[in-house]
Structure formats: C-alpha cells, structure tokens
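A quick write-up on the structure given underneath.
Only the coordinates and a few stated rules stand behind these numbers; no lab work does. Worth saying up front: this structure is predicted, and the values here are computed from it rather than measured. Using ideal geometry, Cβ is built from the backbone for each residue, glycine included, and neighbour counts are taken over all protein chains shown.
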C-alpha cells in the first residue's frame with residue numbers, strides 16, 4: 001500500500017531551494033553560504049526566502065571571495081557544520097580550486113578518517129542562456145578527475161531535490177552542478193518533505209534496444225529530441241541520464257550497452273579529458289565483446305566556450321546526436 | 001581611518017569650489033571636454049539598457065552614476081599606458097579609445113568586442129573578480145623593466161577587495177615598485193552585498209597602508225577630484241615612486257546587470273535622491289553655470305550630436321556580419337593542433353559544409 005504524498009509543481013531552481021529548506025529544518029548544523037545568497041536570494045533565486053526563514057546566522061552573505069567561501073566551509077565542515085557553499089557560477093570556481101583540490105577532497109585520506117569534510121558545493125553551469133563571458137563553462141571533468149570529490153548533475157526538478165538531499169547527507173564533499181538551462185525550463189511534480197535520489201545511480205529515461213545514449217544535465221533535453229528523431233527512422237534508443245558523474249553507475253552503463261551493442265555519449269564539456277573518455281573506458285572494461293560499433297561521442301570542442309553569438313555552434317545539437325546515432329547503427 | 005583618509009573633493013555637490021589648488025588648470029575647455037565625455041557615456045549606457053530590454057543585445061552591465069570616476073581617471077592616462085577594465089568600465093575604455101561599436105559588439109556576445117583599437121593597450125574586461133590587478137601589475141612591471149615611463153591603470157569594485165588577487169596585486173606592485181594606479185570604484189554594493197558586510201574597514205584607501213603604498217580616498221562623483229588626483233598618482237608612478245591605491249566613492253543608480261533586480265536588496269529611492277543631489281553630470285552642469293561656462297544651445301547641440309553618434313554605432317553593430325563558426329576554433333592556439341582541427345572538420349561536415 002502506498003501513502004499519498006503531497007506534491008508541488010516546481011521548477012528545478014525551486015526544487016533546489018526546497019531541498020535546502022527541508023534539510024535546514026531537519027538539521028540545525030546545515031548552513032548556506034555564498035555571494036548574494038541572503039537578502040538577494042542568490043542571483044538565480046536558488047536561496048530565495050531562506051534568510052527570512054532561517055536567519056542570517058544560517059544563510060550567510062559572505063565577502064566576495066570564492067577561495068574564502070570554500071576554505072572557511074572546510075573549517076566549518078571539519079568542526080561540526082554541514083555547509084552548502086554556493087559558487088555563483090561554475091566559471092567562477094577557479095580561485096577556490098586550490099582549496100578543493102588540496103584540502104576538501106583529501107583531508108579524510110590525509111588523516112585516515114580523523115577529519116572529514118561533509119560539505120556541498122552548489123554551482124550553476126553550462127552554456128545556452130546567452131550569459132556573458134566565462135559564465136558558461138562546463139568543467140565538471142576537472143572535478144571528476146579529482147580524487148576525493150563526488151560530482152553530481154541533476155537534469156530535472158525531482159532529481160534535483162532528491163539528489164541535493166542525498167548530497168547534504170553524504171559524509172564527503174559533493175560538487176552539485178545545476179544546469180542553468182534547466183533551471184526554469186520545466187515544472188514537475190515534486191514531493192513535499194524529504195526524499196532521497198541516491199548518488200551513484202543513473203536513470204533510464206527511455207527504453208530502447210538499438211543504441212545506448214549516455215548524457216547528463218542540460219544535454220538530456222537534446223538527446224531526448226535526438227532519440228525521438230531516431231525513433232522515427234526506426235532506431236530505438238536506450239536513453240540514460242547519468243546523474244552522478246563520479247562515481248559513475250557502472251552497472252547501468254554495462255547493462256545498457258550489453259543490450260544494444262552501440263553507444264553515443266553526449267556532453268557539452270570539451271571532448272578531450274571529458275566524461276566521454278571515462279565512459280568509453282568503462283565500456284571497454286565491461287562490455288568490449290558485446291560492441292557492434294565503435295562508440296561515438298558528441299561533445300563540446302577543445303576550445304573555450306565562445307561568447308554567446310557563437311555558443312549555439314559550440315553546444316551539441318540534436319542534429320549532431322542523430323548523425324552519431326546513425327553512424328553507430330550503420331557501422 | 002576616515003580622518004586619515006578624507007574624501008577629497010575639488011567641487012562640491014552644488015558645483016562650488018572646495019579646493020582651489022587646480023583652479024588655473026580648470027579651464028572652460030577642460031570642463032567642456034569632461035562634460036562631453038560624461039554625457040556621451042551616459043547616453044551610451046542608457047542605450048545599452050534599452051537595447052537589452054528590446055532583445056537586441058545580451059545581458060548588459062550599466063554604470064550610470066559612475067561616469068566621473070571612470071572618465072576622470074581614464075583621461076589622466078597617457079597614450080601608451082595600459083588599461084585593465086572590468087565589465088562595468090566601458091566609460092573608461094571609450095574615453096581611452098575603444099569605439100562605441102566595439103563596446104556594443106561585446107554586449108552582443110561578439111568576441112570582436114574584446115579587440116583593442118590599433119595601438120591602444122586596453123585589456124578585455126575582467127569577468128572574474130580582481131584577477132586583473134595582477135595583470136596590471138605585470139604589464140607595469142614590464143614597462144619598468146623596459147625602461148619606459150609608461151604606467152597601468154586597473155579598475156575594480158569594492159567587492160573585489162575581498163579576493164586574494166586584490167592583495168596579491170597590491171603586494172607585488174609594492175615589492176617591485178611597479179608603476180600602477182589601482183583605481184577602486186567603491187559604489188557601496190557588490191551585487192546585493194553592502195560594503196558594511198563586505199569589510200570591517202571604514203575605507204578602502206586604508207588598505208594601502210599594509211602595502212606601504214600611497215592611499216587616496218576621493219569623491220568619485222567629482223570629476224575634477226578624480227582627474228587631478230589620478231594624474232598625480234600617474235606622475236608618481238612614471239617617476240618610479242611606486243603604485244597608488246585610489247578609492248573613488250561613488251554609486252551605481254541601477255542594477256548590477258540587466259539580469260539583476262536591486263529592489264530585492266536596497267531601497268531604490270536612495271538612487272532617486274542621489275540623482276538629484278550627487279549626480280556627477282548635474283554637478284558639473286551646476287559648476288559650469290556658476291562659472292558662466294554654461295550655454296544652453298551648446299548643451300542642446302551636444303546632446304543631439306552625441307545621440308546621433310550612438311545611434312550610428314548601434315547601426316554599425318547591427319550591420320556587422322554574423323560571425324563564422326571558424327572563430328570558435330581558429331584562435332585558441334597560434335596554430336590549430338590536430339584535435340581542434342579534426343573537431344572543426346567534423347563540425348563543418350555535420351552541417352554539410354564540406
């Protein structure tokens with residue numbers, strides 16, 4: 001028997017706010033800090049209303065210093081708090097890279113578990129919203145390649161809230177990436193109160209037997225369109241939303257490609273050093289003999305994200321994904 | 001600290017003399033030049049906000065209210081000097097030589113908006129906060145090593161003083177005695193965060209003390225104070241007497257960007273009051289009237305010719321050919337390495353272009 005749970009129609013950004021609210025209500029030690037997160041409610045309104053509800057000792061407008069925000073969050077986390085630190089944009093995280101790389105991610109290892117850093121770093125990211133320069137970087141791979149960090153990317157409001165709650169409950173640092181293009185693109189029924197979407201688990205958005213498509217974040221919309229177009233040509237796609245980028249859901253990736261024998265990987269981050277390479281190596285390790293065609297990747301280029309007049313060229317399009325699907329089926 | 005670093009002023013809010021040191025240099029010609037440049041930048045700024053609202057450019061970053069700070073300081077710089085602006089400093093860069101068309105192109109999401117005019121050392125706007133202070137220090141240090149008397153000016157806001165790069169920039173300039181003018185525009189807010197939450201220091205100028213550097217605090221809405229005190233700092237830099245930190249106290253009337261809503265975090269009546277009371281352009285107009293430099297016809301003609309200049313720049317911006325996607329690939333390195341070349345070919349192929 002299931003119990004009816006009340007739901008609310010929320011956008012992704014509202015679901016993120018709700019996830020923080022639920023955990024702040026439940027745990028006194030959860031705090032939110034960052035630039036403009038208080039009175040202003042964040043530049044995307046992700047923390048809207050939280051300072052009114054929880055006060056300025058728990059929702060903190062910090063001085064403008066990313067390294068300062070992350071560095072002090074590490075100290076707070078090691079001393080009993082669960083900071084949710086907001087980076088205004090992922091493209092502004094670089095001053096904090098040192099703190100994340102040399103401290104947040106490895107304090108547990110350095111002290112054999114005597115000190116831990118249970119914190120969440122939230123950051124909007126990705127291109128396609130005509131943002132000014134540097135605001136559109138997709139550098140998730142810098143962090144998936146960083147030992148000691150978990151990296152997650154929801155693609156819809158339901159997952160955003162459930163994964164954020166799981167990230168806050170996680171005993172280790174989690175980079176929680178929020179695709180800007182998904183912030184207000186759709187509304188979805190989101191349960192009130194607490195629920196978890198587990199980290200490390202991908203989700204199958206569409207079942208198919210011919211080609212596996214692996215993507216995440218804002219690319220889910222692109223690959224869903226491509227899968228529909230492919231279906232009209234008789235190609236059935238198994239569409240997988242990876243959701244967690246480290247650690248990847250190895251089992252679902254293997255299960256899917258062992259069924260289809262073909263894979264297309266899509267991400268807007270640059271191809272070289274991107275998640276596509278990691279997924280290809282996983283396919284190689286788990287499913288080499290099942291493959292009927294070389295894996296195709298549709299990715300951003302090995303270039304800086306151009307200013308917005310050119311960003312549509314940079315971003316993988318449904319057309320490019322369809323071409324890749326056709327290529328692996330015609331091999 | 002406010003006593004040690006008083007807010008220097010040459011003319012007050014009513015356009016009356018407060019400090020007559022530079023009286024002989026404040027000619028009608030200089031005054032009209034400053035007025036013209038300030039009005040030009042204000043009209044440009046308002047056009048930028050309107051173009052964004054009409055969807056003809058992307059997010060725009062307005063500076064209205066900060067014209068005296070940017071123009072007085074930029075005018076104090078010389079031909080071969082270096083300028084390192086932020087994304088809010090187009091009044092400074094247009095004064096130092098950027099074309100209005102280039103500035104509009106930047107806000108239209110065009111890479112061409114980052115290209116300096118021939119022979120002008122203007123860096124692209126710094127988007128990450130405070131990073132540019134180190135570049136300005138490095139460029140000034142290079143001039144010193146080359147034995148020239150050129151200097152750098154670098155712009156940044158009150159929020160930037162919280163970043164590590166601010167302190168590193170000042171310290172390097174101090175240690176290497178680099179000819180830099182660190183020009184801070186303290187407009188009281190870093191997006192939504194008021195300066196009282198940003199720092200406990202009463203002034204920004206006092207931060208110079210820690211680096212054994214000259215610190216100057218001035219009324220950033222008094223274009224004469226900005227111009228003459230910046231000029232002094234530049235002269236000192238040229239003579240090898242080291243860097244200066246200038247704090248220009250000013251105010252942005254509008255939003256942080258066109259994507260921001262200031263009513264979320266402050267009472268916008270404050271901006272309305274300041275428009276009447278402390279506006280930099282209105283103050284200069286009052287001064288010109290007091291000094292019998294004001295001429296209604298001149299002002300009217302000026303408004304008309306500047307408006308025409310700006311409209312012409314908008315037209316040029318809008319008539320610029322769409323960029324080619326090759327620009328995404330062809331400027332990352334001097335020569336495309338194979339991964340970029342193969343991505344470029346694959347992309348062209350995917351479009352049926354080859």
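How much length is gained if the chain between residue A:79 and residue A:114 is pulled fully straight, taking 0.36 nm per residue apart and subtracting their Cα-Cα distance, in nm to one decimal? Spell out each step's value before the answer.
On the way: separation 35, 0.36 × 35 = 12.60 nm, distance 1.16 nm.
Additional length available on full extension: 11.4 nm.
Out of all DSSP beta bridges with both ends in chain A, state the antiparallel percent to the nearest 5.
Working: 9 of 42 bridges.
Just about 20 percent of them are antiparallel.
As a footprinting exposure proxy, order A:142, B:284 by other Cβ within 10 Å, with the fewest listed first. Don't jump to the answer; show the numbers that get you there.
Details: A:142 20, B:284 26.
Taking fewest neighbouring Cβ atoms as first place, the list is A:142, B:284.
Helix A:250-260 versus the longest principal axis of chain A: what angle, 0 to 90°, nearest 10, using Cα atoms?
20
Rounded to the nearest 500, what is chain B's calculated 222 nm mean residue ellipticity when only DSSP H runs of at least 4 contribute -39500 (n - 2.57) each, over all residues? Before the final figure, lay out each step's value.
Details: 13 runs with 158 residues, N = 354.
So the calculated ellipticity at 222 nm is -14000 deg cm²/dmol.
Under 10 Å, Cα contacts only: if you run a Gaussian network model on chain B, which one of B:214, B:20, B:28 comes out with the highest mean-square fluctuation?
In the Gaussian network model the winner is B:20.
Compute the acute angle (0 to 90°) between the alpha-carbon long axis of helix B:280-290 and the principal axis of greatest extent of the alpha-carbon atoms of chain B; round to the nearest 10°.
Once rounded, the angle reads 40 degrees.
With the crude spin-label approximation of a point 7 Å out along Cα→Cβ, what separation in nm comes out for residue B:212 versus residue B:14?
4.6
Just to be sure I understand the model, the point goes 7 Å from the Cα along the line to the Cβ. What's the resulting residue B:238 to residue B:50 distance in nm?
3.9
On C-alpha positions alone, give me the angle between the axis of helix B:132-146 and the longest principal axis of chain B, in degrees, nearest 10.
That helix lies at roughly 90 degrees to the long axis.
Restricting to the stretch A:9-191, what percent of DSSP beta bridges are antiparallel, rounded to 5? Let's see the in-between values first.
Numbers: 2 of 22 bridges.
Approximately 10 percent, going by the DSSP bridge assignments.
Between residue B:330 and residue A:327, what's the calculated FRET efficiency when r is the beta-carbon distance and R0 is 25 Å? Round to 0.05.
0.45
How far, in nm, would the chain grow between residue A:189 and residue A:254 when pulled straight, counting 0.36 nm per residue and subtracting the alpha carbon separation? Present the calculation step by step, with values, prior to reporting the outcome.
Numbers: separation 65, 0.36 × 65 = 23.40 nm, distance 3.06 nm.
Stretched out fully, the residue A:189 to residue A:254 stretch lengthens by 20.3 nm.
Round to a whole angstrom and tell me the spacing of the C-alpha centers of the stretch B:257-279 and the stretch A:208-246.
For the stretch B:257-279 versus the stretch A:208-246, the Cα centre distance is 47 Å.
Once you put a point 7 Å from the Cα of residue A:225 and another 7 Å from the Cα of residue A:102, both along the Cβ direction, what distance in nm separates them?
Inter-label distance under the simple model: 4.4 nm.
Could you state the number of Å between the C-alpha centres of the stretch A:34-50 and the stretch A:164-184?
The two parts, judged by their Cα centres, are 16 Å apart.
PRE reach from residue B:322 (point 7 Å along Cα→Cβ): which of the stretch A:126-142 fall under 15 Å by backbone N?
none
How would you rank A:103, B:229, A:135, going from fewest to most other Cβ atoms within 10 Å of each one's own Cβ?
On the way: A:103 19, B:229 25, A:135 22.
Ascending number of Cβ neighbours within 10 Å: A:103, A:135, B:229.
Quick one: Cα centre-to-centre distance for the stretch A:60-100 and the stretch B:1-16, in angstrom?
With the stretch A:60-100 and the stretch B:1-16 each reduced to a Cα centre, they are spaced 38 Å.
Sketch the reach of a paramagnetic label on residue A:6 as a point 7 Å from Cα along Cα-to-Cβ, and name the residues of the stretch A:173-204 whose backbone nitrogen lies under 16 Å away.
A:189-195
As an exercise, use a Förster radius of 35 Å and the Cβ-Cβ distance of residue B:29 and residue B:276 to find the FRET efficiency, rounded to the nearest 0.05.
Numbers: r = 28 Å, r/R0 = 0.81.
For residue B:29 and residue B:276, the calculated efficiency is 0.80.
Zone of residue A:196 (label point 7 Å along Cα→Cβ, backbone N under 13 Å): which residues in the stretch A:152-176?
Flagged as within label range: A:162-172.
Just to be sure I understand: with springs between alpha-carbon atoms less than 10 Å apart, which residue in B:21, B:258, B:36 has the highest mean-square fluctuation in the Gaussian network model of chain B?
In this elastic network of chain B, the residue with the biggest mean-square fluctuation among B:21, B:258, B:36 is B:21.
Considering only DSSP beta bridges whose two residues both sit in the protein assembly as shown, what percent are antiparallel, to the nearest 5? If you can, show how the numbers build up before the last one.
Details: 12 of 70 bridges.
Expressed as a percentage, antiparallel bridges in the protein assembly as shown total about 15.
Say we join alpha carbon atoms closer than 10 Å with springs in a Gaussian network model of chain B; which of B:27, B:250, B:95 then has the biggest fluctuation?
Largest GNM mean-square fluctuation: B:27.
Computed over the Cα atoms, what is the radius of gyration of chain B divided by 2.2 N^0.38 Å, N being its residue count?
Details: Rg = 21.1 Å, N = 354, 2.2 N^0.38 = 20.5 Å.
Normalised Rg, Cα atoms only: 1.03.
Given the rule -39500 (n - 2.57) for each run of at least 4 DSSP H residues, summed and divided by the residues of chain A, what is its mean residue ellipticity at 222 nm, to the nearest 500 deg cm²/dmol?
Details: 11 runs with 110 residues, N = 331.
Computed ellipticity for chain A at 222 nm equals -10000 deg cm²/dmol.
Test of understanding: what is the full-extension gain from residue B:200 to residue B:264, defined as 0.36 nm times their sequence separation minus their Cα-Cα distance? It would help to have the intermediate numbers written out before the result.
On the way: separation 64, 0.36 × 64 = 23.04 nm, distance 2.34 nm.
Stretched out fully, the residue B:200 to residue B:264 stretch lengthens by 20.7 nm.
Express the relative contact order of the stretch A:184-326 as a whole percentage, based on alpha carbon pairs under 8 Å and six or more residues apart in sequence. All intermediate terms of the calculation are to be shown ahead of the outcome.
Details: 241 pairs, mean separation 37.3, N = 143.
Over the stretch A:184-326, the number comes to 26 percent.
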